[in-house]
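Only the coordinates and a few stated rules stand behind these numbers; no lab work does. Here the structure is a predicted model, which means the values were calculated and not measured. Cβ placement follows ideal geometry from the backbone for every residue including glycine, while neighbour counts extend to all protein chains displayed.
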Amino acid sequence: MRKIVETLVGELTRLKAAGVKTVAVSDDAMASLRRVVAARVRAQGGGTVRVAAPTSTVAVPAAPSPIQAGRSVEEPPLVLPEPSAKPRAAKAEPEAAPLRLPPPPEVRLPEGDKAARWAWLNDVVLHDRVCLENVRPGKKVVLGVGSLEAAIFFVGEAPGAEEELRGEPFVGPAGQLLTRMIGAMGLSRETVYIGNIMNWRPPLPTAPGAEQRGNREPTEEEMAYCLPYLRAQLAIVQPRIVVALGATATRGLLGKAAFKTLGEVRGRWHDLQGIPLMVSYHPSYLLRKEAESKLSERKAKRAAWEDLLKVMERAGMPISDKQRAYFL
């Protein structure tokens, strides 16, 4: 139970830092919190504890069930034990296990041409039970888009508000900047492939009927679940070069232990199972730099453009003098 409370406190701290001032809590949850706090105080010889009543109620979604290649397997719901009213014994009781995603799906692409294999994968992902349980009502699961013959494969982190609404990666402000970056290379969205590590927008607690405000990085467990689908897209497209956009996408592709800061690996070539991988900034980072100052914006954008120049050289693309001197 301590782990659950610590997780709750951590989430509330993060929401406060993001500017969220109120969080809706159900009557049952408040009753459980009262029992937990009262039991701890009694165990320490304390007095009466009062916990304020909630202002509204939220619905908690059921735990996701396992899926393997689009086939779901029913699993009984996880029931957390009620906290005991008795003082804790000297030896702590086993704590309830936190809610977890099922193991990652095993994706076995069928025989056929690229279009047929991608259509099969798209159907599997859009009907993946875990993906569907993690998107909010009215939102969409997101798979990559672009040319299946693309030489360059861009990989981002996760869908945002605009992406989960349209079911397409990189269509918001960061996506518009990425489109301009691709255009400056002499390419277009239709001639490259663009995907994400995640197939759903990592959810944050919101009041009933309210839209999610802000984004968060996906957990390692969330990325592990979605990575088989990204690897399947790579297997279908078979690009000559992969460009990882940002630290999260890079950790998903190279592993958590590969680096501590993005600066250690950005602008350098890496190997992704035989495919050259270039690490660069995520467009959203460039937009944040734009909001800070013109100087930091120009430095970050020039660094990102130099990364793309290396990609163009590796791909054997012609580079004009104007492109070499270009700033995003």
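Filter segment 155-173 down to residues that are of a type in the set (A, V, I, L, M, F, W, C) and buried (at least 24 other Cβ atoms within 10 Å of the Cβ) and give me whichever is farthest from THR250 (Cα to Cα). Don't jump to the end; show me each part of the working.
Initially, segment 155-173 is screened for residues of a type in the set (A, V, I, L, M, F, W, C), giving 155, 158, 161, 165, 170-171.
Pick out the ones that are also buried (at least 24 other Cβ atoms within 10 Å of the Cβ) and you get 155, 158, 170.
On the way: VAL155: 9, ALA158: 12, PHE170: 17 Å.
By that ranking, first place goes to PHE170.
Inspect segment 162-172 for any residue being in contact with a helix residue (DSSP H, G or I) (Cβ under 7 Å, 6 or more places away or on another chain) and touching a residue at least 40 places away in the same chain (Cβ under 8 Å) and give the result as yes or no.
Start the filter on segment 162-172 by keeping residues that are in contact with a helix residue (DSSP H, G or I) (Cβ under 7 Å, 6 or more places away or on another chain), which leaves 169-172.
Still in the running and touching a residue at least 40 places away in the same chain (Cβ under 8 Å): 170.
Yes: one or more hits.
Give segment 289-305 a look and list any residue that's surrounded by 15 or more Cβ atoms within 10 Å (Cβ to Cβ) and out of contact with any Lys or Arg (no Cβ under 6 Å at 6 or more places or on another chain), or say none. Even if it seems obvious, please write down each step before you answer.
As a first pass, look at segment 289-305 and keep what is surrounded by 15 or more Cβ atoms within 10 Å (Cβ to Cβ): 289-290, 297, 300-301, 303-305.
Listed by number, the residues that qualify are LYS289, GLU290, LYS301, ALA303, ALA304, TRP305.
Across segment 127-147, which residue is surrounded by the fewest Cβ atoms within 10 Å (Cβ to Cβ) among those that are among the aliphatic types (A, V, I, L, M) and in contact with a strand residue (DSSP E or B) (Cβ under 7 Å, 6 or more places away or on another chain)?
Residues of segment 127-147 among the aliphatic types (A, V, I, L, M): 130, 132, 135, 141-143, 145.
After this cut, where a residue has to be in contact with a strand residue (DSSP E or B) (Cβ under 7 Å, 6 or more places away or on another chain) as well, the list is 130, 142, 145.
On the way: VAL130: 21, VAL142: 28, VAL145: 16.
By that ranking, first place goes to VAL145.
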